[in-house]
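See below for the structure under consideration.
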Amino acid sequence: MSDIEEFQSQRERLQSLMLEKADRNMKRFLNLDTQVYLDGALPAREKELIGLVSSLVLRCDDCINYHLVQCHKIGLKEEELVEALSVGLIVGGSITIPHIRRALDSWDQLEG
C-alpha cells in the first residue's frame, strides 16, 4: 500500500470514528467544511486549489494530502498543481519546501 493509499484509509477510518463520537457542533463544522467546497461564485476546482495552497502555507500534511486527492479526482493537471504549489511557496516561504516535496511524492503516487 502506498503512503497516499495508507493516508486515505486511515483518514476514512478516523473520519468515521469522529462522526460516531461527534457532538452537534462538530457535525455542524464538518457540514460547513463540505458545503464551502461546492460550486458557487467560485467553482469547486478553484476552491480545492485555494484549500491546497492554504494547507501548504499552514504546513498541514494531512490537509495537503486531502486536497491533493480531491484535486486528482477533479482532473487537475500536474502543471496546474505545480503552479499552485509555487504560489504557496511564495506566500509561505522556504519552510514550505519539505511539504512541497511530500506533496509532489503523493501526487506521483496518485498518478500511479
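Hey, got a sec? Which GluC sites (Glu not before Pro) in segment 1-105 land in a DSSP loop and have at most 15 other Cβ atoms within 10 Å? Please list the in-between numbers first.
Values: sites: Glu5, Glu6, Glu12, Glu20, Glu46, Glu48, Glu78, Glu79, Glu80, Glu83; in loops: none.
The qualifying sites: there are none.
Give the angle, between 0 and 90 degrees and rounded to the nearest 10, that separates the Cα long axis of helix 61-73 from the longest principal axis of the Cα atoms of the chain.
The answer is roughly 80 degrees.
Along Cα→Cβ, 7 Å out, is where each label goes; now give me the distance between the ones at Lys21 and Lys77 in nm to one decimal.
Here the answer is 4.4 nm between the modelled labels.
If the cut-off is a Cα-Cα distance under 24 Å, which lysines reach Lys27, setting aside same-chain residues fewer than 8 apart in sequence?
List returned: Lys47.
So, in nm, how far is label Arg13 from label Glu111 when the simple model puts each one 7 Å beyond its Cα toward the Cβ?
3.0
Run the reach check for Lys77 against aspartates and glutamates, Cα to Cα strictly under 18 Å, same-chain hits fewer than 8 apart removed. What comes back?
Here the aspartates and glutamates satisfying the reach criterion relative to Lys77 are Glu46, Glu48, Asp105, Asp108, Glu111.
Express in % the proportion of alpha carbon pairs of segment 3-111 at distances exceeding 19 Å.
47
Which loop trypsin sites (Lys or Arg not before Pro) in segment 12-81, with loop taken from DSSP, have no more than 13 other Cβ atoms within 10 angstrom of their Cβ?
Passing both the DSSP loop test and the Cβ count: Lys77.
Cysteines of the chain lacking any other cysteine beta carbon under 4.7 Å?
Cys71
For Ile95 and Arg45 in one chain, what is 0.36 nm times their gap in residues minus the Cα-Cα distance, to one decimal in nm?
15.4 nm
Please compute the length gained on full extension between Leu58 and Leu104, using 0.36 nm multiplied by the number of residues separating them and subtracting their Cα-Cα distance. Mind dumping the intermediate values first?
On the way: separation 46, 0.36 × 46 = 16.56 nm, distance 1.69 nm.
Length gained, Leu58 through Leu104: 14.9 nm.
Among Thr96, Ser55, Ser106, which residue has its Cα furthest toward the positive end of the charge dipole of the chain, with +1 on Lys/Arg Cβ and -1 on Asp/Glu Cβ?
Sorting the options by dipole projection puts first Ser55.
Given the Cα-Cα distance of Val87 and Arg28 and 0.36 nm per residue of separation, how much length would full extension add, in nm?
18.2 nm
Each value in this text was obtained by applying a stated rule to the coordinates, not by laboratory testing. All figures in this text were calculated on a predicted structure; none of them were measured in a lab. Cβ: placed from backbone, ideal geometry, glycine included. Neighbour counts: every protein chain shown.
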